[in-house]
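The values are calculated or read from the model by the stated rules, or taken from the named source; none is laboratory data. The structure presented is a predicted model; accordingly, all values stated were derived computationally and were not measured. Here Cβ is always computed from backbone atoms with ideal geometry, including for glycine, and neighbour counts include all displayed protein chains.
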Amino acid sequence: MELVPRRLADRVLHALDANPVVFVNGPRQSGKSTLVRVLSRDSFPAEYVTLDNASQMSAAASSPASFLSSRDAAMIIDEVQLVPDLFRALKEVVDERRMDYPDARNARYLLTGSADIMTLPGLADALVGRMSIQTLYPFAVCEVERTPGRFLERIFERDYSGLGASRFDPVEAIARATYPELVERDDRDRAEWIESYLTTILQRDVRNISEIEKIPVLPRLLRVLASRAGSLLNDAAIARDVGLNPVTCAKYRSLLNAVFLTFDLSPWHRNIGKRLVKSAKGFLGDTLVLCHLLGRSVAEMRERAPELFGHVVENFVATELRKLLAFGDVRAELFHFRTSSHQEVDFVLERPDGSVAAVEVKSRADVSAADFDGIRTLEAAVGDQFVAGVVLYSGKAVVPFGANLHALPLSALWL
């Protein structure tokens, strides 16, 4: 497969111009090493060191300060979370450089890691104010297909012009929006790769960030979470299914989040808390991995299990929105919305100025006015700051359902 340009590259380059340290985190095998190597070749000349190499990791762990100070040039350090003490040494090196070169703002260190540093506060805190954090997820559809990927801009601008039908249906899109290694594999090869991938993550990467007693329970927990993808998280119920107590279950879920296998979506609220459900929703970080854990192909679910297929499509949209937010120009936070009377919206996007857009997902090829009920409830709660509400569906046309309400083809996500 030819090299796919990553949309995050521009954001990383901008961060390198303005911060002493830039940290690119994201799932293992999402393309971080390839991205930083390309940047080092074209825009950020630096020595590349990976701590996946046992000798380099041993050297860094035995004397982090010497490991850094022995290099005069800029460095790229891959899988930096494997030696946590490097973060404290980096803080000292960066602070000394600031004293010597007070006007220097550009980066000297470009780091990568396969653990979410924001879930590891002891590491993140060491470089507060000194480090820019960027997240590289697996491919978005717009990256693989070289399409604009302006969905977020479109909904906040209410500009749906040019959204004709894409040649990719949801099944094909899900097969493209995944890890680089999976894009061109057949179903059998994908299954073998995913199984090996999960074993590596659960047996090695989780151990690297936390000593836990019941590693064998993690695959079962992951399968239970896959069966509940897109649903409200209830640690007591999940714990019963897995055979853990709720506190331990919540801790283990947080570890799966930390290695990007799963993620939580917080509920949206704005001073109307009594009417809202406060639970987060849970999703899998990659939709092909979700399908593998469910034991069915995407095409099979569409044909034989339409309700399950609906949850899979919702998971796909959740992951695509996260990718667009990670590398796009629109600054917004992603939430879900649900009231105690069961009015809900799958996804809510809120910008820093308080403006809100809503996204509902339907896997079927038709849309009715009733599909906008949850969005209208949200609109009433938000008032004048409500910008737009869209229902993504498997049809081909843009259909207006009100001044700020539209049904859009699912392909709007990448066009």
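Out of all the residues in the stretch 88-114, which are assigned to a loop (DSSP other than H, G, I, E, B) and either at pLDDT below 85 or more than 18 Å from residue 49 (Cβ to Cβ) (or both)? So that I can check it myself, show each step before the final result.
From the stretch 88-114, those assigned to a loop (DSSP other than H, G, I, E, B) are 101-108, 114; that's our starting set.
101, 102, 103, 104, 105, 106, 107, listed by residue number.
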Margin query: For the stretch 280-316, give me the residue count where each residue is among the hydrophobic types (A, V, I, L, M, F, W, C), within 19 Å of residue 338 (Cα to Cα) and touching a His at 6+ places or on another chain (Cβ under 9 Å).
Written below: 1
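Report yes if some residue within the stretch 175-185 is part of a loop (DSSP other than H, G, I, E, B) and among the small types (Gly, Ala, Ser); otherwise report no. Write out each step before concluding.
Of all residues in the stretch 175-185, those part of a loop (DSSP other than H, G, I, E, B) come to 177-179, 183-185.
Adding the requirement that they be among the small types (Gly, Ala, Ser) leaves 177.
There is at least one residue in the stretch 175-185 that is part of a loop (DSSP other than H, G, I, E, B) and among the small types (Gly, Ala, Ser).
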Item checked: Residues located in the stretch 375-415, provided they are over 24 Å from residue 270 (Cβ atoms) and either acidic (Asp, Glu) or in contact with a Cys (Cβ under 9 Å, 6 or more places away or on another chain) (or both) -> 413, 414, 415
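Please tell me if residue 324 is of a type in the set (A, V, I, L, M), on the phi < 0 side of the Ramachandran plot and in contact (Cβ under 8 Å) with a residue 40 or more places away in the chain.
When the stated conditions are applied, residue 324 passes them.
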Checklist line | Scan of the stretch 172-206 for residues that are buried (at least 19 other Cβ atoms within 10 Å of the Cβ) and within 17 Å of residue 320 (Cα to Cα), ordered by number | finding: 173, 174, 175, 176, 177, 178, 179, 182
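What helices (runs of 4 or more DSSP H) completely inside the stretch 186-284 contain at least 2 residues that are under 20 Å from the mean Cα position of the chain (by Cα)? Please lay out each step first, then the result.
Details: elements: 187-200, 206-209, 218-227, 235-242, 246-258.
Output list reads 187-200, 206-209, 218-227, 246-258.
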Notebook entry, point to check: Does the stretch 283-322 hold any residues that are closer than 28 Å to residue 377 by Cβ and in contact with a strand residue (DSSP E or B) (Cβ under 9 Å, 6 or more places away or on another chain), and which are they?
Noted result: 283, 284, 310, 313, 314, 315, 316, 317, 318, 319, 321, 322
Notebook entry, point to check: How about the stretch 359-386: which of its residues are more than 16 Å from residue 399 (Cβ to Cβ) and small (Gly, Ala, Ser)?
Noted result: 363, 374, 380, 381, 383
Check: Of the residues in the stretch 207-250, how many are touching a residue at least 24 places away in the same chain (Cβ under 8 Å), over 27 Å from residue 312 (Cβ atoms) and surrounded by fewer than 19 Cβ atoms within 10 Å (Cβ to Cβ)?
Finding: 5
Item checked: Hits in the stretch 76-89 (condition: under 26 Å from the mean Cα position of the chain (by Cα) and not charged (D, E, K, R)) -> 76, 77, 80, 81, 82, 83, 84, 86, 87
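For the stretch 291-329, what are the residues that are aliphatic (A, V, I, L, M) and either closer than 25 Å to residue 147 by Cα or surrounded by fewer than 17 Cβ atoms within 10 Å (Cβ to Cβ) (or both)? Full working, then the answer.
Narrowing the stretch 291-329 to residues aliphatic (A, V, I, L, M): 293-294, 298-299, 301, 305, 308, 312-313, 317-318, 321, 324-326.
Once the filter is applied, which keeps residues that are aliphatic (A, V, I, L, M) and either closer than 25 Å to residue 147 by Cα or surrounded by fewer than 17 Cβ atoms within 10 Å (Cβ to Cβ) (or both), the stretch 291-329 yields 298, 299, 305, 312, 313, 317, 318, 321, 324, 325, 326.
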Notebook entry, point to check: Does the stretch 42-65 hold any residues that are out of contact with any helix residue (DSSP H, G or I) (no Cβ under 8 Å at 6 or more places or on another chain) and at pLDDT 90 or above, and which are they?
Noted result: 45, 47, 53, 54, 55, 56, 58, 62, 63
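Scan the stretch 180-206 for residues that are without any contact (Cβ under 8 Å) to a residue 12 or more places away in the chain and touching a helix residue (DSSP H, G or I) at 6+ places or on another chain (Cβ under 7 Å) and jot them down. If you could, list the steps in order and put the result at the bottom.
So the first thing to find is which residues in the stretch 180-206 are without any contact (Cβ under 8 Å) to a residue 12 or more places away in the chain, and the list is 185-186, 188-189, 192, 196, 199, 204.
Within the stretch 180-206, just 185 meets the criteria.
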Notebook entry, point to check: What residue, among those in the stretch 285-302 that are in a helix (DSSP H, G or I) and under 19 Å from the mean Cα position of the chain (by Cα), is farthest from residue 141 (Cα to Cα)?
Noted result: 293
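Can you tell me which residue among 42, 78 is touching a strand residue (DSSP E or B) at 6+ places or on another chain (Cβ under 6 Å) and not aliphatic (A, V, I, L, M)? Show your work before the answer.
Details: 42 fails: touching a strand residue (DSSP E or B) at 6+ places or on another chain (Cβ under 6 Å).
Among 42, 78, only 78 is touching a strand residue (DSSP E or B) at 6+ places or on another chain (Cβ under 6 Å) and not aliphatic (A, V, I, L, M).
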